[in-house]
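Structure first, then comments.
The values are calculated or read from the model by the stated rules, or taken from the named source; none is laboratory data. Please read all numbers here as calculations on a predicted model, not as lab measurements. Methodologically, a virtual Cβ is constructed for each residue, glycine included, from the backbone with ideal geometry; neighbour enumeration extends over all protein chains shown.
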Amino acid sequence: MFFGSNRCACVGSDTWALEVLGSPDNVPGTAFPVHQELFLRHGVRIGESIVVDELVADGVYECVYIVTPQFVEGSTCGNTPPVALANPKG
């Protein structure tokens with residue numbers, strides 16, 4: 001498994017597209033290979049469009065990231081308000 005001995009629980013991005021699309025390395029007919037690898041094969045949750053501008057402005061580069069996902073039967077995504085617990089440097 002590519003995670004080594006420390007398994008991550010969540011991967012996040014500040015864009016709406018945490019994905020590799022149109023790469024010549026993609027297996028033909030495979031849609032959203034990053035989502036498939038992380039979420040389906042390893043159970044790693046994916047966060048997209050995470051806004052961190054205010055944290056960076058406060059000099060925060062490490063934090064406890066808390067997410068309370070919505071559990072709705074049959075859903076594949078949802079809007080959830082994340083929380084960052086940190087000690088601002090500024």
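In region 1-45, which residues are closer than 16 Å to Gly78 by Cα, modelled with pLDDT under 85 and among the aliphatic types (A, V, I, L, M)?
Hits for region 1-45 are Ala17, Leu18.
Per-residue answers, yes or no, for (1) touching a residue at least 24 places away in the same chain (Cβ under 8 Å); (2) in contact with a Cys (Cβ under 9 Å, 6 or more places away or on another chain); (3) surrounded by fewer than 10 Cβ atoms within 10 Å (Cβ to Cβ):
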{"site": "Cys10", "(1), (2), (3)": "yes, no, no"}
{"site": "Asp25", "(1), (2), (3)": "no, no, yes"}
{"site": "Leu40", "(1), (2), (3)": "no, no, no"}
{"site": "Val72", "(1), (2), (3)": "no, no, yes"}
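Go through (1) in contact (Cβ under 8 Å) with a residue 24 or more places away in the chain; (2) exposed (fewer than 10 other Cβ atoms within 10 Å of the Cβ); (3) closer than 25 Å to Ala17 by Cβ for Pro82 and report which single condition fails.
Of everything listed in (1) in contact (Cβ under 8 Å) with a residue 24 or more places away in the chain; (2) exposed (fewer than 10 other Cβ atoms within 10 Å of the Cβ); (3) closer than 25 Å to Ala17 by Cβ, Pro82 misses just condition (2).
So is Gly90 at pLDDT below 85, in a loop (DSSP other than H, G, I, E, B) and on the phi > 0 side of the Ramachandran plot or not?
no
Looking at Leu18, is it part of a helix (DSSP H, G or I) and either surrounded by 10 or more Cβ atoms within 10 Å (Cβ to Cβ) or aromatic (Phe, Trp, Tyr) (or both)?
no
What is the residue count in region 60-90 for residues that are more than 17 Å from Val11 (Cα to Cα) and in contact with a Pro (Cβ under 6 Å, 6 or more places away or on another chain)?
Of the residues in region 60-90, 1 are more than 17 Å from Val11 (Cα to Cα) and in contact with a Pro (Cβ under 6 Å, 6 or more places away or on another chain).
Can you say whether Glu54 is surrounded by 10 or more Cβ atoms within 10 Å (Cβ to Cβ) and free of Cβ contacts under 8 Å to residues at least 12 places away in the same chain, as far as the supplied structure shows?
Yes.
Pull up region 51-79, narrow it to residues that are β-branched (Val, Ile, Thr) and either in contact with a His (Cβ under 7 Å, 6 or more places away or on another chain) or part of a loop (DSSP other than H, G, I, E, B) (or both), then point me to the one that is modelled with the lowest pLDDT.
Among those that are β-branched (Val, Ile, Thr) and either in contact with a His (Cβ under 7 Å, 6 or more places away or on another chain) or part of a loop (DSSP other than H, G, I, E, B) (or both), it is Thr76.
Confirm whether Glu48 is exposed (fewer than 14 other Cβ atoms within 10 Å of the Cβ), modelled with pLDDT of 80 or more and acidic (Asp, Glu).
Answer is no for this residue.
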